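Just so it is clear, none of the values below were taken in a lab; they were calculated from the coordinates. Remember, it's a predicted structure, so these values are computed and weren't measured experimentally. FYI the Cβ positions are ideal-geometry reconstructions off the backbone, even for glycines, and counts take in every protein chain you see.
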Amino acid sequence: MTAIYSDDDLLLLSGIQHMAFCERQWALIHIEQVWEENVRTVEGKYLHERVDDFDEDETRKNLRVVRAMPVVSHILGLGGTADVVEFYREDNSVPGFCCRLEKQKGWWRPVPVEYKRGRPKPDDRDAVQLCAQAMALEEMLELRIEYGALYYGQTRHREKVVLDDVLRKHTADLAAHMHRLASEGRTPKAQKGKRCSQCSLVEQCQPALTLHPRSVSDYLARMCRAEVDNF
């Protein structure tokens, strides 16, 4: 595919997880620059800092581990950092799936690994972030990545994620929607649901007020009635 976005157009890749969770949350953070720390965000930041604490990448006999790897996709229009990219040595070149690594012999197959603080989610917000990283790596390395992995700090378990066409299309659609909202500078109205209780921006979002706005005329009418009743 041909590049669509320039470097100046790039949005934060990590934001695609916010968009998958709630488009209003994404807009509050990435358009209005609103942010609020809670237990989940602090723990998540701590986990990523631990991952990034390693000063050097790691090479074993058949494995190369690259931490905090910058990734960019001019097709999705996203840029950011992959927590970990593991490169597995292949005995023989697998056309379209392997690449060469600087100062390393042989052919290597990349597998992105994203670290998360809690447990697996009931939705695909983590998977789309991982998929966006993989799609960026594919564009950079000119190959195809079949799967990645999500590591959850609470369960200390790694889950394999197959990067199929359905997930890839959903990821691309979310990225395109991010760019539409960014170009319009528009924050969508709230859609209240169970997820609001998990949101670090619920106080700033005020979904109940957004869903049931009160007009100035209604407010003045109520105030006038109150004055009459108290007269």
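Side notes on the structure shown:
- Distance violations [Cα-Cα > 28 Å] among K169/K189; K61/K169; K61/K160; K121/K189; K160/K189: K61/K169; K160/K189
- Each Lys or Arg adds one and each Asp or Glu subtracts one; over the other residues with Cβ under 11 Å from the Cβ of R180, this totals -2.
- Counted charge near Y151, where neighbours are those whose Cβ lies closer than 9 Å (Asp, Glu -1; Lys, Arg +1): 0
- Virtual paramagnetic centre 7 Å along Cα→Cβ of Y88, amide N under 13 Å, in segment 109-140: 109-113
- A full extension of the chain between R180 and L63 corresponds to an added length of 38.1 nm, given 0.36 nm per residue minus the alpha carbon distance.
- Label-point separation in nm, R168 to Q191, each point 7 Å along Cα→Cβ: 2.6 nm
- Applying 1/(1 + (r/R0)^6) with r as the Cβ-Cβ distance of K103 and D9 and R0 = 41 angstrom yields a FRET efficiency of 0.80.
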